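Below: the structure, in structure tokens.
The values are calculated or read from the model by the stated rules, or taken from the named source; none is laboratory data. Since the model is a prediction, treat every value here as computed from it, not as a measurement. Cβ placement follows ideal geometry from the backbone for every residue including glycine, while neighbour counts extend to all protein chains displayed. To get the accessible areas, we keep the full protein, side chains included, count just its heavy atoms, and leave off ligands, DNA and RNA. Shrake-Rupley method; radii C 1.70, N 1.55, O 1.52, S 1.80 Å.
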Amino acid sequence: MGQENLSFVLEKQGIVKFEDRPIPKLASPYDVLVNVKFTGICGSDVHYWQHGAIGSFIVKAPMVLGHESSGIITEIGDKVTSVKVGDRVAMEPGIPCRRCVRCKDGKYNLCVDMRFAATPPIDGTLAKYYSLPEDFCYKLPDSVSLEEGALMEPLAVGVHITRQANIQPGQNVVVFGSGPVGLLCCAVAKAYGANKIVAVDINEERLKFAKSYAATDVVVSQRESASDSAARIIKDCDLGHGADVAIDASGAEPCIQAGIHVLRTGGTYVQAGMGKSDIMFPIGAMGAKELNVKGSFRYSSGDYATSVGLVTSGRVSVKELISNKVKFTDAETAFNDVKAAKGIKTLIEGVEDSA
């Protein structure tokens, strides 16, 4: 195409375009330049495209989309030592300030000055080239493909969620929602030694995949009260007094409510899915059962490295989640497919070099 740095840009709500932009300059001697090879589409990308905002993050100027990427390093700063030109890397797309209290206590995902790719006003990774600090690039071994490398981002989300849940060997876990993050939570829970892993969803095709992938049991959501739903899950999956851990990766109010009810006394609930800002919440059950209730936001110290390690060791496989790959020039078609819930994870290939 002859472009220097072709990028896929959200111009404004509902309007996307291809635009040639300058190749990023290395802003620090510790930065590297990555030739992006694969990018997965996240629900947040689609949400910005469709609605122009997520909560208080509003698209006010054209923004490059994408944040689930892998690529090959093409340039390094003078002080870079951990990677070299030609290395294949998974790209962690959120750069914290490194100076605030949250950064210093290892929870840099909670940094108030986080610069996260494809979160307004920060440009994302759906471009030919993207610049990152060296320590946010994770080398992929020869056994891990660049396609798998692009899935390290959602896997890191799953790793962080399961860490928040503190899943222990032998525990029973219920995961509401069988989209990519819910499926990866099942996979990581399995790698961490969970006994029963129950996937709950309204989509029977997704549940069929979940059973073949990492879940030991699956339950189809029905129109019933949250307490009845929880009782049915406990009975059908033989969970005794209830699950040890419940994870909501759906954001759906009925699932959140059922997740509280499905837990045993003293169990742990983690909210991962994004839905309505305010819901009816069974706070009485939460208090009476003395539950541990936690949020989960992106990923933090060690989560990306753990993800690469889990895939490298074979304890988690992500290949099965890749349902489609499209050319960079077909990016909008891919976004439409994700919006229509086709497949599980669609990857957009990097910009092809012109002949």
Subtracting the Cα-Cα distance of residue 332 and residue 4 from 0.36 nm times their residue separation yields 116.0 nm
Output for the range 249-332: chymotrypsin sites (Phe, Trp or Tyr not before Pro) sitting in coil per DSSP, at most 16 other Cβ within 10 Å, listed by number, reads 297
Per residue, accessible area of the range 103-180 with a 1.4 Å probe, heavy atoms of protein chains only, in Å², comes to 35
For the table 12/345; 60/327; 139/345; 25/342; 107/276, the rows whose alpha-carbon distance is greater than 32 Å are 25/342
To the nearest 20 debye, the chain has a Cα-centred charge dipole, built from +1 on Lys and Arg Cβ and -1 on Asp and Glu Cβ, of 640
Taking 218-227, 202-211 and ranking on average Cβ neighbours within 10 Å, highest first, one gets 202-211, 218-227
Here, chymotrypsin sites (Phe, Trp or Tyr not before Pro) of the range 19-52 satisfying both criteria (DSSP loop; at most 12 other Cβ within 10 Å) are none
Given [x] 0.98; [y] 1.15; [z] 0.93 as possible values of Rg/Rh (Cα atoms, Kirkwood Rh), the one from the coordinates is [x]
So the FRET efficiency between residue 208 and residue 79, C-beta based with R0 = 56 Å and rounded to 0.05, is 0.65
Which of 104/339; 104/190; 84/319 exceed 29 Å between C-alpha atoms? The answer is 104/339; 104/190
Toy charge model, Lys and Arg Cβ at +1, Asp and Glu Cβ at -1: the range 99-193 dipole around Cα centroid in debye, rounded to 20, equals 340
So for R0 = 56 Å, FRET eff. of residue 17-residue 135 from the Cβ-Cβ r, to 0.05, ends up at 0.95
Rounded to 0.05, the calculated FRET efficiency for the beta carbons of residue 281 and residue 325 at R₀ = 41 Å is 0.55
For the chain, the longest principal axis of the Cα atoms and the Cα long axis of helix 204-213 enclose an angle in degrees, to the nearest 10, of 80
Carbon plus sulfur, as percent of the 1.4 Å-probe accessible area of the chain, comes to 51
Taking the dipole of the range 239-351 about the Cα centre (Lys, Arg +1; Asp, Glu -1; charges at Cβ), the one of 317, 275, 247 that reaches farthest to the positive side is 317
With -39,500 (n - 2.57) per DSSP H segment of 4 or more residues and division by the full residue count of the chain, the 222 nm estimate, nearest 500 deg cm²/dmol, is -8000 deg cm²/dmol
